[in-house]
1. Can A:Ala504 be described as without any contact (Cβ under 8 Å) to a residue 12 or more places away in the chain and within 9 Å of RNA strand B (Cβ to nearest atom)?
2. Residues A:Ala51, A:Ala43: which one is touching a Phe, Trp or Tyr at 6+ places or on another chain (Cβ under 6 Å) and of a type in the set (A, V, I, L, M, F, W, C)?
3. State yes or no: is A:Val148 more than 19 Å from A:Glu267 (Cβ to Cβ) and touching a Pro at 6+ places or on another chain (Cβ under 7 Å)?
4. Filter region A:246-256 down to the residues that are outside any helix (DSSP H, G or I) and without any contact (Cβ under 8 Å) to a residue 12 or more places away in the chain and list them by number.
5. hydroxyl-bearing (Ser, Thr, Tyr) and open to solvent by 50 Å² or more (accessible area, probe 1.4 Å): does that describe A:Thr617?
6. Of the residues that sit in region A:9-39 and are within 25 Å of A:Gly59 (Cβ to Cβ) and surrounded by 15 or more Cβ atoms within 10 Å (Cβ to Cβ), which one is nearest to the chain's Cα centre (by Cα)?
7. Condition check: open to solvent by 60 Å² or more (accessible area, probe 1.4 Å) and either within 26 Å of A:Gly528 (Cα to Cα) or without any contact (Cβ under 8 Å) to a residue 24 or more places away in the chain (or both). Does A:Gln628 satisfy that?
Amino acid sequence: MKLLELQQTLRACVRATAATKFDIALESVVAEIPPRTELGDLAFPVAFELAKRIKQATGQKANPRALAEELKVALEAEPNVARVEVAGAGYLNVFFDRAALLAQFAALDVSSDANGAVAQDAKRKIIVEHTNINPNKAAHIGHVRNAVLGDAFVRVLRATGAEVEVDNYIDNTGVQVADVVVGFMHVEQLTRADVRALDESLPPEHPFDYYCWDLYARVGLFYRNGDADAKEDPARLQLRAEVLHALEAGDNETAALADYVATRIVECHLQTMARLGIRYDLLPRESDILHLGFWQRAFERLKETSTIRFETEGKHAGCWVMPTDLHEGTDEHEADKIIVRSNGTVTYAGKDIAYQLWKLGQLGLDFYYKPFRTYEDGHTVWVTTSEPLPHRVYVPYSTNMQDVPTHPHFGGGQVVYNVIDSRQSYTQDVVRRGAAAVAPDVGEAASVHLAYEMVALSPAACEELGFELSAEDRARPFIEMSGRKGLGVKVDDLINRLEADALAEVEARHADLSQDEKLKTAHLIAIGALRYFLLKWTRNSLIAFDFKEALSFEGETGPYCQYAAVRANSIFRKLDPATLNEAHELIGAMGANEDTAAAVGQVFAGASGDELWSLVTLAARLDEVIAQAATQEEPAHLAKYAFQLARAFNLFYHRHRIIAEEDAARRAVLIQIADLVRRQLTNALSTLGIGVPERM
RNA sequence: GCUCCCGUAGCUCAGUGGAUAGAGCAUCUGCCUUCUAAGCAGAGGGUCGCAAGUUCGAGUCUUGCCGGGGGCACCA
């Protein structure tokens, strides 16, 4: 019996009793976890509502306490319930059978099937799209908030049993790629062959994405004739327009250069993300959406369904617009959203509606696919193409020509989550409504904008990066990053720093470890620190990035949580196998041996017993927290829980000597609790994408 | 102008309509001969922006106001 199942059973019991005894049909039964263990394990503040409903139905006044007493009798008859108290004006406080539940929790195998009870999503295919970084420069900390949030959410969904496809959209024909192409062609006067040679000559500590980071900032200056405060020069902007035009047309040398740049940058991004444990299933590319006519098909369907209309007069004459009521129109801003410009070209929102329809399986067109990269464990990331492949191709990262493996079925999600920062809420609303208007069966609920606030820099972080600030800027709470200015914290730089700091700590504590083990440990700690740092904030909280905070391994951090798990594991590394076995047997034998059951019950008695039991129930709550993180679309809940559990364990670890405990029943209980906590904590961290090292 | 989000301890943030509002950081005081001190304990610190309303019950829901941020391009 899992905690979540027990809760559901008890809720059902309350509902059934309300129906049979009082003839009241409760839609939902609110259950609450009391603030302190002494007040019970589960509380139902249901008697107040029942009293009100009875009065409404019969006109008779009912006493909440009396109603609670009736419910108490029913609840006490349920298995695993030790007793029920009626408290205050009518609270029902349920106390579980501690010894019996500990034995049941001990028997559960958390790793194989953490959340079978909440696998309601098992039959639906869910698509989560995240990362979506413009392939023109190195990834910065803001990009990685998107990726880590998306990846953690994917892990949460998978933990509930859902089938999830992870897409990372590649905007390889947009302005940002065009800008870097302008940089190579017109600032540096390089050909495609030159760029390739340059790329191959770059040192590992300053790779291609770093080079483009700097080049992109230089192009920003180039457009302004070298003066950062000047206006952009129209003649130079014309170069960008020409490049964009060439990219859209395809099949020319400029497009080939852009493809080289974008593909190499995507390789860099995937490498960076792989360091963080983030992987994808598919990389859909904008160029393929263009070449395969996704927009034309979507355009037809938007017209057929009258989702968009052609304007013959007014400000938008000659445009196709989508009427919206998302905000009221004013002189400055029309309420309607332009989908097709008067020159016949489609806007970003229009293209995105087409792509969203594909993701929902509602477009009636598909991409072609080829393998992009295969990880060590054999997982392949695919990329879209515009043409079918020959039967045998060169597969990247392998040495031979191979038969093209058959690709999985991509797209066609019942629900599509787009992880995009909250500044794009308006466009996402337009996309959701447009897609739903074309495919009413699917509806708006199928398109979810998983919005989050951006990562900005604290003024101190800006100065640490070598950017001069005005007095005014220094007083601001945060400063927005800018790729165009080259202002930002590159993810690889940050990971390198975290790994170096972690390595220094590991060196100091475990000089005996091999170099390989030290590096591996430092890596796990660094990634744990970074991922936790990005996940501990709720989505709508803006992160003002601060080096001191991000580089910390103490307090509410990933390493703190990892450390608790490492401590728990070290108990079992040192524990004599016979003692461990004895503990398992003692807990397992409780059902058959009354003396043992009484002894275990005694361990859980009193204030000390309450303290131990509160750790057990906290640990047992993992699947409930994961289900909550999934339905509320908030991985931060799980991060907070992991920290809370680690904190509770550290206190337990400090107060009790487990191996040295002489009383057999007490020792068995302590061992069982430590074992339960380490399994649940490891599982919680793994669902956040955080690994636990052997030692730290 | 319209619209969305935010306002909780000195700072940064958690907080399903439910019991005495919590963490981390910072400050101060203790605790390493122990299964790892990346730890633990303790102290100080609150008009939950303001006002009204709904409710048995409001930090949480509604409305108004004040303050801050984002969005509302024939950009992406």
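1. Details: without any contact (Cβ under 8 Å) to a residue 12 or more places away in the chain: yes; within 9 Å of RNA strand B (Cβ to nearest atom): yes.
In short, yes.
2. Details: A:Ala51 fails: touching a Phe, Trp or Tyr at 6+ places or on another chain (Cβ under 6 Å).
Only one candidate passes the filter, namely A:Ala43.
3. Values: more than 19 Å from A:Glu267 (Cβ to Cβ): yes; touching a Pro at 6+ places or on another chain (Cβ under 7 Å): no.
No; evaluated as a whole, the condition is false for this residue.
4. Within region A:246-256, the subset outside any helix (DSSP H, G or I) is A:250-252.
A:Asp251, A:Asn252, listed by residue number.
5. Values: hydroxyl-bearing (Ser, Thr, Tyr): yes; open to solvent by 50 Å² or more (accessible area, probe 1.4 Å): no.
Taking the combined requirement at face value, the residue does not satisfy it.
6. The extreme case among them is A:Val29.
7. Details: open to solvent by 60 Å² or more (accessible area, probe 1.4 Å): yes; either within 26 Å of A:Gly528 (Cα to Cα) or without any contact (Cβ under 8 Å) to a residue 24 or more places away in the chain (or both): yes.
The answer is yes for A:Gln628.
For every residue, the table says whether it meets (1) open to solvent by 10 Å² or more (accessible area, probe 1.4 Å); (2) part of a loop (DSSP other than H, G, I, E, B); (3) at pLDDT 95 or above.
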| position | (1), (2), (3) |
| --- | --- |
| A:Gly220 | no, no, no |
| A:Ala228 | yes, yes, no |
| A:Ala258 | no, no, yes |
| A:Glu267 | yes, no, yes |
| A:Arg279 | yes, yes, yes |
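The values are calculated or read from the model by the stated rules, or taken from the named source; none is laboratory data. As the structure is a computational prediction, the values presented were derived from the model and not from experiment. Cβ coordinates were reconstructed from backbone atoms using ideal geometry, including for glycine residues, and neighbour counts include every protein chain displayed. Surface areas here come from the heavy atoms of the whole protein model, side chains and all, with no ligands, DNA or RNA. Shrake-Rupley method; radii C 1.70, N 1.55, O 1.52, S 1.80 Å.
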